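Reading through the structure tokens given below for one structure.
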Amino acid sequence: MTGFGLSVALATPFESSGAIAADVMLAQAKRSLASGCASVTLFGTTGEGASIGTQERERILDAFLADGIQPSQIVVGVLVDAAEDAAQQISQALLKGVRNILLAPPSYFKNVSDDGLFAWFADVFARVGSKARDVLVYNIPSVTMVALSIDLIGRLRTAFPSVVTGVKDSSGDWPYTETLLGKHGDLIILIGDERHLAKGVRMGGQGAISGMANFAPDEVRSMAVDGNDDPRVERFVSELLKHPVTPAVKVMVSKMTGDDTWLAVRPPLTSISADGRRELALAFDGLFRTKAA
């Protein structure tokens, strides 16, 4: 068994008014936990976290805790640029006792140096103060356009050993992932690209925060916890990547639940077309015929 296990990168459903559909989101979280996910990650990339404000986050976190989901079952994504905002969102979540913080680098300014990124993280942690803990730094350069170098992760680990405890690597770059596992295997290394997941776990990765766990939790858990290859999952990731990924994941949640609430996304994202939805459903059914749809 691995230490971290599988966390579902929970998608965020929206009412027609644009408000978060808290009850629908809670039901999906409970299904995910009942299906073997060790935790739910709120407000990450799949959860459209960059479009969800600090007050909304608190409302949803409070709703989850009030409905019986344990703080130890919650990871909170923080995807903002200002150190003040990052520290506020981190403090808000840690005050409620959540398991981990998934912290992305600032992404508005491009071509920034490792020194600049290190200083930003240091500023955030200083603002959070002595309560800072259990931060997973988030490497997803396809979205942020800001890569976290192997050297930078080493600097952060050395400077903040009680704060920076892991990395979520969604680079999709296997040589990078392999180097990360080799050099920083004492950290919690989570593999974001399911196509590399089983292989990474066999090399010492501790699991995943996975968007596909929203609709294929059993299959992804086998990869993330036991290191078992599943070519069906790997092929379906390639199908997802033919579309904007977050809206595509929500199409699949809608398919599996029969609830069209999931099709809505928050601007600037737009929903997948009917043709795209059919393509995804056909691809999924072709790969997972034995799975109830």
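The values are calculated or read from the model by the stated rules, or taken from the named source; none is laboratory data. Note that the structure is a prediction, hence the values are computed from the model and not measured. Counting neighbours? That spans all protein chains shown, and the Cβs are built from the backbone with ideal geometry, glycine included.
Which residue out of S91, S35, S51 is out of contact with any strand residue (DSSP E or B) (no Cβ under 7 Å at 6 or more places or on another chain) and within 17 Å of G207 (Cα to Cα)? Walk me through how you get there before you give the answer.
Values: S91 fails: within 17 Å of G207 (Cα to Cα); S51 fails: within 17 Å of G207 (Cα to Cα).
Of the residues listed, the single one that is out of contact with any strand residue (DSSP E or B) (no Cβ under 7 Å at 6 or more places or on another chain) and within 17 Å of G207 (Cα to Cα) is S35.
Just one of the listed residues (D123, D169, D115, D173) is under 23 Å from A9 (Cβ atoms) and out of contact with any Gly (no Cβ under 9 Å at 6 or more places or on another chain), and it is D173.
Against the condition assigned to a helix (DSSP H, G or I), buried (at least 20 other Cβ atoms within 10 Å of the Cβ) and in contact with a helix residue (DSSP H, G or I) (Cβ under 9 Å, 6 or more places away or on another chain), how does I101 come out, does it pass? No, not satisfied. When S162 is tested against the conditions (1) assigned to a helix (DSSP H, G or I); (2) surrounded by fewer than 23 Cβ atoms within 10 Å (Cβ to Cβ); (3) hydroxyl-bearing (S, T, Y), the lone failure is (1). So which residues in the stretch 1-23 are at pLDDT 95 or above, surrounded by fewer than 19 Cβ atoms within 10 Å (Cβ to Cβ) and not small (G, A, S), if there are any at all? Correct list: E15, D23. Scanning the stretch 280-290 for any residue that is modelled with pLDDT of 95 or more, basic (K, R) and more than 22 Å from A38 (Cβ to Cβ) turns up nothing.
Kindly check whether there is at least one residue in the stretch 163-176 that is among the aliphatic types (A, V, I, L, M), under 20 Å from the mean Cα position of the chain (by Cα), within 30 Å of L263 (Cβ to Cβ) and modelled with pLDDT of 95 or more. Give the steps one after another, and end with the answer.
Residues of the stretch 163-176 that are among the aliphatic types (A, V, I, L, M), as a first pass: 163-164, 167.
Still in the running and under 20 Å from the mean Cα position of the chain (by Cα): 163-164, 167.
In the following step, the residues that additionally are within 30 Å of L263 (Cβ to Cβ) were identified as none.
No, the stretch 163-176 has no match at all.
Quick check on the stretch 196-211. Is at least one of its residues modelled with pLDDT of 95 or more, surrounded by fewer than 21 Cβ atoms within 10 Å (Cβ to Cβ) and closer than 19 Å to T46 by Cβ? For the stretch 196-211, residues modelled with pLDDT of 95 or more, surrounded by fewer than 21 Cβ atoms within 10 Å (Cβ to Cβ) and closer than 19 Å to T46 by Cβ: absent.
For V128, the conditions (1) farther than 25 Å from T246 by Cβ; (2) among the aliphatic types (A, V, I, L, M); (3) not in a helix (DSSP H, G or I) all hold with the exception of (3). Close Cβ contacts (under 9 Å, 6 or more residues apart or on different chains) running from residues in the stretch 50-79 that are farther than 18 Å from L102 by Cα and loosely packed, with under 13 Cβ neighbours inside 10 Å to residues that are modelled with pLDDT of 95 or more and not aliphatic (A, V, I, L, M) comprise D62/K96; G68/K30. Can you find a residue in the stretch 131-150 that is touching a helix residue (DSSP H, G or I) at 6+ places or on another chain (Cβ under 7 Å), in contact (Cβ under 8 Å) with a residue 24 or more places away in the chain and closer than 24 Å to D230 by Cα? No; the residues of the stretch 131-150 include none that is touching a helix residue (DSSP H, G or I) at 6+ places or on another chain (Cβ under 7 Å), in contact (Cβ under 8 Å) with a residue 24 or more places away in the chain and closer than 24 Å to D230 by Cα. It is to be established whether one or more residues within the stretch 266-287 are among the small types (G, A, S), under 22 Å from the mean Cα position of the chain (by Cα) and farther than 22 Å from S142 by Cα. So far as the stretch 266-287 goes, no, none of its residues is among the small types (G, A, S), under 22 Å from the mean Cα position of the chain (by Cα) and farther than 22 Å from S142 by Cα.
Tell me which residues, restricted to the stretch 165-195, are in contact with a Phe, Trp or Tyr (Cβ under 9 Å, 6 or more places away or on another chain) and either in a helix (DSSP H, G or I) or surrounded by fewer than 17 Cβ atoms within 10 Å (Cβ to Cβ) (or both). Those that are in contact with a Phe, Trp or Tyr (Cβ under 9 Å, 6 or more places away or on another chain) and either in a helix (DSSP H, G or I) or surrounded by fewer than 17 Cβ atoms within 10 Å (Cβ to Cβ) (or both): E194, R195.
In the stretch 201-278, counting only helices (runs of 4 or more DSSP H) that sit wholly within it, the ones holding 2 or more residues that are of a type outside the set (S, T, N, Q), touching an Asp or Glu at 6+ places or on another chain (Cβ under 7 Å) and in contact (Cβ under 8 Å) with a residue 12 or more places away in the chain span 217-226, 231-240.
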